[in-house]
Every structure is written in C-alpha cells, then in structure tokens.
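Here the structure comes first, spelled out in structure tokens, and everything after it is commentary.
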Amino acid sequence: MHTGFQQLRDLQAEYESCGRYRLLWRGNNLIVRRATSATALYVRELDRAVACLRRSRVTRVKLGRDLGREELLFWADVCAAADCEVFLSLPGDANLPQKRKPLHWWLKCVVDRLVSLGILLLLTPVLVLLAVLLRQASSESLLVRQWQVGARGRLYRAFYFRTQTNAGEPLKMADWMRRYRLDRLPKFLNVLRGEMSIVGACPRRLSDVPSIEPEFRNRLNALPGITGAWMLESRLALKDYDFLDCLDVQYLLSWSLRRDFGYLLLTAPRLLADES
C-alpha cells in the first residue's frame, strides 16, 4: 500500500469525528463513501489529509452521494489543496445535449469561450474600477469562491466579487452590485475554464446536494450556466428548488442553439428590471 494511503488510515480517533468514511482505491482514483462500521476511517484535520493525498498516487477523488454537507465541503477543500480532481458520484444521464447533439454542443462551447473572452476584455475598465472600490471597502480578498457542481459531477469553485466581509457584514456597494449582478462578472472566468456555460442549467452549490431529491440528482450532470430558463423566473420561483430542477430537465430535453440564443436575448432587459 502506498505511503500516503497508509497515513490516511493512521488518522484514527485522536480527533473528534466529523464523519466516518470508507475509502476505496481504484488505480489512481479514490472513492469516498460514508460508512458505519467500527473500522471506518475518521478524518478531521484538513492539513494532514491533504499531505497524505499528495504523497499518494491519487489524481481523482469521487465523493459518495450519501455524504453530508460538511463532509462534502471538507473533502472538496482537501482535494483542491492536494491538486486532485474531485467529482460527485451521480447517476448517469443519457439525455444530456452533448450526447444527443455533439457537434452543436462543441460549437456552443467554442462560442462560449470566445464570447466570454470578448466580454472580459471589453469590460476590463469596469472590472478594474470594481476592484479598486472593493479594495477601498475591504482589505480581504477581492474574489470569493464557492463550491458548485459542474458537468458530469465535476466540482469547481465559482468566482464572485466580494460583497460582504468574512464576518458577514455587507459592503457599501453590495446592493447595487447584486442588483445588476456585477458581483457575478468573474464567472466568465469559469466559462473560459470550461466549468460553466453562458447559457445553461441552474448552478447548484455543493452544500445544497444533500437536500436535492434523488429523482433530480441526475440533472447535476448538466453544464451550469450564468443565465438560462431559471434566471427568467420571479424571485419567488427561484426559491423553489424543485421547480428549478423541473425547468432544468425541460431545458436539457429541448436544448438547441436557437433556444440558448433566445435566453441570452431575454436576459439583458431582465438585468435592468427591479425583479432581477
């Protein structure tokens, strides 16, 4: 057994438990599941878990769907610090657009990156101005990152401009930044990295996964978007996650480049409305 794996097993009950895990190795892949046996592994200290992963040959980690909110976030942070790819274990979905229309989907991805690059270059003065204002308002990092579920269950960290302090206090410009979604401009970096699309399914936070109904979890395989059918709904509807999941299922089943273009045209005036 590799030294890193052995050290992982040596992290026993000297720490208070944040969860019990069953670790399964498949080549360079590590599968993390919740276990209830007396011999299950206790892992709490992030730094030691990171060090063990780095010494092992693991390059990809898959997290079981039965893990809780804190457990998912803990292992996502461990994998990020250890430079390992991390995925959420999901049921398969044969109805994904990239499987039904691979050529059209490839074209969509190319356009996504070109448009995102153009937007970031065009808005460079705005981004610089926002960065200056945020630096004057807070000495903390300009960007915050949030774990979200991407295509085929791959986890990524979405970028946002900071609108509140680490203590939860809103910054002075938070209201108008959120109203016009200026805090989300850095998400075009996620599009450039292939983690998001300009138009796509509703992004879901990793912390929300345990509360998603099992029949909707396969839709987490979809590529999330900055906008989409979900963004054109009212504020009240945006709080109904089951409704949003149904919208995403309909979007994926009826996906086309023309429909994506339509959502994009409808988004611009919506950003200027009070409801946004």
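A short reminder: the numbers here are calculations on the coordinates, not readings from a lab. Source: prediction; values computed, not measured. Using ideal geometry, Cβ is built from the backbone for each residue, glycine included, and neighbour counts are taken over all protein chains shown.
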message: Spelling out what I want: for every residue of segment 219-231, take phi, set θ = phi - 60°, compute 6.51 cos²θ - 1.76 cosθ + 1.60 (Karplus), and round to whole Hz; glycine and proline get x.
response: 6, 5, 5, 6, 6, x, x, 6, 9, x, 4, 5, 6
message: Can you list residues from other chains, or at least 5 along the same chain, whose modelled amide H is less than 5 Å from the amide H of ALA35?
response: ARG20, TYR21, ARG22
field: Computed FRET value (nearest 0.05) for ASP77 with ARG258, which takes r as the C-beta separation and R₀ as 45 Å
entry: 0.65
- request: Determine ³J(HN,Hα), in whole Hz, for all residues of segment 100-115 in sequence, where each value follows from phi through the Karplus function 6.51 cos²θ - 1.76 cosθ + 1.60 and θ = phi - 60°; x replaces Gly and Pro.
  value: 7, 9, x, 5, 4, 5, 4, 4, 4, 5, 5, 4, 3, 5, 5, 5
With Cα atoms, 0 to 90° folded angle of helix 124-137 axis to the chain main axis: 60
query: Angle between the Cα long axis of helix 241-253 and the longest principal axis of the chain, 0 to 90 degrees, nearest 10?
result: 80
Sequence of GLU85, GLU71 once ranked by neighbouring C-beta atoms within 10 Å, starting from the fewest: GLU85, GLU71
message: If each DSSP helix of 4+ residues adds -39,500 (n - 2.57) and the sum is divided by the residues in the chain, what number results at 222 nm, nearest 500 deg cm²/dmol?
response: -12500 deg cm²/dmol
- request: Would you please give the FRET efficiency between ARG181 and ARG54, computed as 1/(1 + (r/R0)^6) with r the Cβ-Cβ distance and R0 = 35 Å, to the nearest 0.05?
  value: 0.40
- line: For ARG154, other-chain or 5+-apart residues with amide H closer than 5 Å (H placed, Pro excluded) are LEU88
message: Going by Cα centres, segment 80-105 and segment 198-217 are how many Å apart?
response: 13
- prompt: If you count the DSSP beta bridges with both ends in the chain, what percent of them are antiparallel, to the nearest 5?
  reply: 60
query: Using the Cα gyration tensor of segment 33-181, with a ≥ b ≥ c the square roots of its eigenvalues, what is the shape: rounded (a/c below 1.5), prolate (a/b larger than b/c) or oblate (neither)?
result: oblate
query: Extension gain VAL126-GLU213, at 0.36 nm per residue separation less the Cα-Cα distance, in nm?
result: 27.3 nm
- prompt: Quick one: helix 257-271 against the long Cα principal axis of the chain, what's the angle to the nearest 10°, folded into 0 to 90?
  reply: 70
